[in-house]
1. No solvent, one uniform scatterer per C-alpha: report log10 I(q)/I(0) for the chain via the Debye equation at q = 0.05, 0.08 1/Å, two decimals.
2. From the phi angles alone, apply the Karplus equation (6.51, -1.76, 1.60; θ = phi - 60°) to the range 420-437 and give each ³J(HN,Hα) in whole Hz, x where the residue is Gly or Pro.
3. Please enumerate, by chain and number, the lysines with C-alpha under 22 Å from the C-alpha of Lys378, excluding those fewer than 8 residues away in the same chain.
4. Arranged from highest to lowest average of other beta-carbon atoms within 10 Å per residue, in what order do the peptides 367-380, 176-189 appear?
5. Kindly identify the range 171-328 as rounded, prolate or oblate by the Cα gyration tensor criterion: order the square roots of the eigenvalues as a ≥ b ≥ c, call it rounded if a/c is under 1.5, otherwise compare a/b with b/c, prolate if a/b is larger, else oblate.
6. Subtract the Cα-Cα distance of Ala117 and Ala454 from 0.36 nm times their separation in residues, and report this length gain in nm to one decimal.
7. Given axes a ≥ b ≥ c from the Cα gyration tensor, I'd like to know whether the range 360-434 is rounded (a/c under 1.5), prolate (a/b larger than b/c) or oblate.
8. If you line up the long axis of helix 239-248 against the longest principal axis of the chain, both from Cα atoms, how many degrees apart are they, to the nearest 10?
Amino acid sequence: MAAPVVIAGGGPVGLAAALLLARWGVPTVVCEAAEKRNAVGSRSICTQRDVLDILHRVGCGEILAAEGVTWTHGRTYYRHHELFRITFPATGGTGFPPFVNIPQWRVEAVLEAAVAAEPLAELRYGTAVRGLSQDAEGVTVHTGRGELRATHVIGADGHHSTVRDALGLGFEGESFADRFLIADIRAELPFGPQRRFHFDPEWNPGRQVLLHPQPDSVWRIDWQVPAGFDLTAALAKGEVDARVRRIAGDAPYEIVWLSAYRFAQRTASSYVEGRVLLAGDAAHVMTPFGARGLNSGIADAENAAWKIAMARHGLAGPGLLDSYHAERHAAAAENLRVTGRTMRFLVPGTEAEKAHRHDVLERALSDPAARAEVDSGKLYEPFPYLDSPLTTTWDGEGPAPGTMPGALCPDAPSGQRRLRERFGAGFTVIAADREPPAADTGAPVSRLRLHTPALDPRPGRVWLVRPDGHLAAILDDADTAAVTAATRRALGFPA
């Protein structure tokens, strides 16, 4: 029997990677250092619709969507004035709402139950990865309970990743001086299911507060607090209760979880070293404003899973595993750019930045144009792999397609199913007006005839979709040779 893939870290990214690999028939061993799961704290609370699609492919998306709190709009305030609200389409062409709030511990519990029911996946608690060594045939993983042999390793072991350290990789970036107090409270608050962001409210002057609803009448509240904030002292002095009372009023409440964080923005210097890939917080950490941490980590897991599966099945070209770094490092760089800009607005580090923020917020009270400059966190969206070595660039005639190669394929009805429900088990070739041409690569490829406005159908056009739902190519008047060439490129073979 072939050696498994070893996954360091039994959080949501590691568990999702195990389930995604199992869909390809790949056995995994998930090594979790903790002796048991600590089922407390909202932590990464907000799951985006395209990520729910990924989790749906392993049987968990609908469970999480049903249990979580759906919200379709967010409201932003400056002092006691509402500046604006944003509204998201209810479905956006997919089967899931724009965002679902559900605490991370519950996401982990749902994924862990799926892993327990999966014969190809094994979760081992109390098994800390302490080091590893690679050779031409695989990886030897050193744990506190002996050695494991693996064909590949996914390091999903968090911010203080042992796997990243064992590879000698840098983790460059910055930390922010101000801290954030995070409280999960159970209370009946007079707000609907919405994200509420407050700049400079009278109950946290000069700083910010963010509120998010959770299931079971629990609310997540993030207060920006000074760099020297001491949670233990604040509790003893009744300061935390006073903060909650300024929001909840006289309503009874229960503190479910409390924590104080100093946020950081960092990324590993490389996401791939031989047969070892980094994912989630082991690869990148970012501030939570925009819900980009967990969501990008699940996207890491899917990207890694299909590429490792192709490599194990002997179908990968020489560049496929390395493309994981090209794609996911670029995605992290964009996330860090966006969240870094947000933090410079939320926590200005210079007098000029403070003056700029004050000017923008004051103008936004009366000037709609200024409201576009107010930055409380641009929410997560999938990263398009436009410049990936796996993507066949658009060179067709006429206007470019609405969705470019490298982007996530739009969803659409497809018979009794959604289009995206057909993805995940291989490549998909789609044509609107004819039987799609085949691809002769040995990799699993399904063909689908589908006419939908979501794909900007034109006579003779063909869409090649990767296993992760991203468009590998859009080809006009393509034959088998053209589709085969694009598929080979998407498998990491030279163009």
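Laboratory data are not the source of any read-out in this text; all were calculated from the coordinates shown. Computed from a predicted structure; not experimentally measured. Here the Cβ is made from the backbone with ideal geometry for all residues, glycine too, and neighbour counts use every protein chain on show.
1. -0.20, -0.52
2. 5, 5, 8, 8, x, 9, x, 7, 10, 10, 10, 9, 8, 10, 6, 5, x, x
3. Lys378 reaches Lys354.
4. Put in order of decreasing packing, that is 176-189, 367-380.
5. In terms of gyration-tensor shape, prolate.
6. So the extension gain works out to 117.7 nm.
7. Prolate, because a/c is 1.5 or more and a/b exceeds b/c.
8. Helix 239-248 sits roughly 80 degrees off the main axis of the chain.
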